[in-house]
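Shown next, in structure tokens, is the structure this report addresses.
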Amino acid sequence: MAPTFYHDDPKWSNIKPIPQNDTARPLAAIAYTDEYSEAMSYLRAVMAKNEYSHRVLGLTDHIISMNPAHYTIWLYRFKVLSELHADLREEIAWLNVTALKHLKNYQIWHHRQTVIDKLGSPEGEADFIATMLQQDTKNYHVWSYRQFLVQRFGLFDDEGELKWTEGMIEEDVRNNSAWNHRYFLVFGGKGEQTADKAIVERELNYAKAAIKKAPQNQSSWNYLRGVVRRNKLPTSTLKDFALEFADIEKPDDVTSSYALDTLADIYTEYQSKREEAKKALDLLATRYDPVRAHYWNYRKRLLE
Amino acid sequence: MALVSGPGRGGVAELPAEMRLFVDKHVHYIQSLDSRKDELEYWLTEHLRLNGLYWGLTALHLLGHPDALPRQGILDFVCSCLHENGGIGAAPGHDAHMLYTVSGVQILATLDAFADLEARVPGGRQKIAKYIADLQDPETGTFAGDEWGEQDTRFLYGALNALSLMGQLHLVNVDRAVAHIQSCANFDGGYGTSPGAESHSGQIFTCVAALTIAGRLDLVDQDKLGAWLSERQLKNGGLNGRPEKKEDVCYSWWVLSSLAMLNKLHWIDGEKLAAFILQCQDTELGGIADRPGDMVDVFHTVFGIAGLSLLKYPGLVEVDPI
């Protein structure tokens, strides 16, 4: 794309650009490329006289395309939009394209939140999120934004939201972000409030089914253990299930170190099962998770 | 190349070649960062200029070369980023923001330069402290990054860190901030950016460090969090930021420092991690990358070196995990 310049554009002839002032600052002297440098000097000039206009909107678009992390520009862009009473749907359409070019940028997400909050409707956002997640299914910004939408528009009990999350987990059962979102939907809105028994049962079964598909998966085990703990069930609730993947009597057939860890926890709770607990921890330290041998040995020492 | 700069730890010559840290190369790499102004990359990262300076300076201190960047020049630069309202921007002409204000304060503390600040800007320390304190949300106790109001546990940690460095913690409601961190605790033992947000090693560092500053580590389920953190180590020795993600050198800092604050550094395999960090060095031009073979940058350089320092790599100055 050819660079855009303003000095010979008649629409900008009434603006006297303000160049970067970096004399006598040895560590701050900044040599810009000509295009960026000129655009910034026009931005400084319009900001100095508080100009809120369509041409300034275009100018911020231009600078953001070169450097989206320059947070001052986003701030000014939102001011311009507000002053112009601009159509925020158009802003969202513009953001849809811009976001795809800058996947890890913080400013763009905060800007989007501010715009959607003002619009008062999440319409169309699900499609946008789907497109973003196609690029990176674990993008932290995207998932945080989804949580914002759930909170802002009260979607905790929305069936479509839960179904969508299920789809994401089905696609990749190791997507920790999707598991976290599920927890957020089911329990996150409830605070300390006790959850419905049927719902707890449903969640335990859901996590167990996922573990059966992939036994060595931190995300699904964390979820299962998290549900048990949050609802104050004894860990021993999981004993039979864990035994399906790890049995200290059959040390060669362990298919999940997380099951072994769970068993160690269960045995630890019983004075009479100390030896079993030690055996499970030994297996973890020596065979199934030796990188963390120090941790497993620490757990063993607690038993003595 | 000898590693003679550290405070009296020997045995460096005994290290096998693949365990060598190329100190002089890294020092030179950091010094060269500011002389690359004709490169596109330089102005694209202008929004990080002050952070970059802090990272570079910290790396140099850990490497035992604290004077490799000019003190006066750094102070001039920090002061040129300081706004009338006490906030600091990323570079001259950039808006003030919590992240850069914190970096500015950290730089001043590193250089022991609060008196220099007062000489240049009378009442400067009070002004900065007030700017930070005013960003606390009186309802929830957390902090915003700037006047936009974006909130994140990163800002909360930054605020407590900078205020404690300036001896001004009394300006904010620490109990409220602590309560907010507690509300960010997750079902898996970790912490996220806000209540309910996914556990992430970087955010865990911010929460654990903030609690350490507040003297409230007793609120953490330490064994559970320590287990989650130690689970970040992968077979190749590197650490990841979240379950089922790839390793990255920067987590050598976020995860290790958190473990250090919980006194559980030994729960991971330090030797394997050190070997992984050292593999990420550019042994010719200096600098450390996120993983072997990638481009180096100052961010991964400081966090790699800080990680090695926590692992007590010989010759490095010891870093404070907070």
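The values are calculated or read from the model by the stated rules, or taken from the named source; none is laboratory data. Model, not experiment: these values are computed from the prediction. Cβ coordinates were reconstructed from backbone atoms using ideal geometry, including for glycine residues, and neighbour counts include every protein chain displayed.
Laid out as a table, the results:
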| read-out | value |
| --- | --- |
| Top-ranked residue in region A:211-253 [being assigned to a loop (DSSP other than H, G, I, E, B) and within 27 Å of A:Asp172 (Cβ to Cβ); ranked as farthest from the other protein chains (Cβ to nearest Cβ)] | A:Glu244 |
| Flag for B:Phe155 being in contact (Cβ under 8 Å) with a residue 40 or more places away in the chain and either under 30 Å from A:Trp221 (Cβ atoms) or away from chain A (no Cβ under 14 Å) (or both) | no |
| Candidate set from region A:189-210 (those that are away from chain B (no Cβ under 14 Å) and of a type in the set (A, V, I, L, M, F, W, C)); member that is nearest to A:Val173 (Cα to Cα) | A:Ala209 |
| Out of A:Pro3, A:Pro68, sole residue that is touching a His at 6+ places or on another chain (Cβ under 6 Å) and at pLDDT below 90 | A:Pro68 |
| Filter result (within 16 Å of B:Ala162 (Cα to Cα) and either outside the structural domain of B:Thr110 (by TED's automatic domain parsing) or surrounded by fewer than 19 Cβ atoms within 10 Å (Cβ to Cβ) (or both)) within region B:58-78 | B:Thr58 |
| Restricting region B:134-150 to residues that are in contact (Cβ under 8 Å) with a residue 40 or more places away in the chain and either under 13 Å from B:Leu99 (Cβ atoms) or basic (Lys, Arg) (or both), the residue that is farthest from the other protein chains (Cβ to nearest Cβ) | B:Phe143 |
| Any chance B:Ala159 is modelled with pLDDT of 95 or more, touching a Phe, Trp or Tyr at 6+ places or on another chain (Cβ under 7 Å), crowded, with 21+ Cβ neighbours inside 10 Å and under 21 Å from B:Ile322 (Cα atoms) | yes |
| Single residue of B:Leu99, B:Leu135, B:Leu117, B:Leu108 found to be assigned by TED's automatic domain parsing to the domain that holds B:Leu171, modelled with pLDDT of 95 or more and within 23 Å of B:Leu62 (Cα to Cα) | B:Leu108 |
| Those residues of region A:151-178 which are within 11 Å of chain B (Cβ to nearest Cβ) and crowded, with 20+ Cβ neighbours inside 10 Å, in sequence order | A:Asn175, A:Asn176, A:Ser177, A:Ala178 |
| Condition check for A:Ala285: over 24 Å from B:Gly241 (Cβ atoms), within 14 Å of chain B (Cβ to nearest Cβ) and part of a helix (DSSP H, G or I) | yes |
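Let's see how each residue does on (1) modelled with pLDDT of 95 or more; (2) touching a helix residue (DSSP H, G or I) at 6+ places or on another chain (Cβ under 6 Å); (3) more than 15 Å from B:Trp55 (Cβ to Cβ); (4) within 14 Å of another protein chain (Cβ to nearest Cβ):
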site: B:His266; (1), (2), (3), (4): no, yes, yes, yes
site: B:Leu273; (1), (2), (3), (4): yes, no, yes, yes
site: B:Phe276; (1), (2), (3), (4): yes, no, yes, yes
site: B:Asp294; (1), (2), (3), (4): no, no, yes, no
site: B:Gly304; (1), (2), (3), (4): yes, yes, no, no
site: B:Ser309; (1), (2), (3), (4): yes, yes, no, no
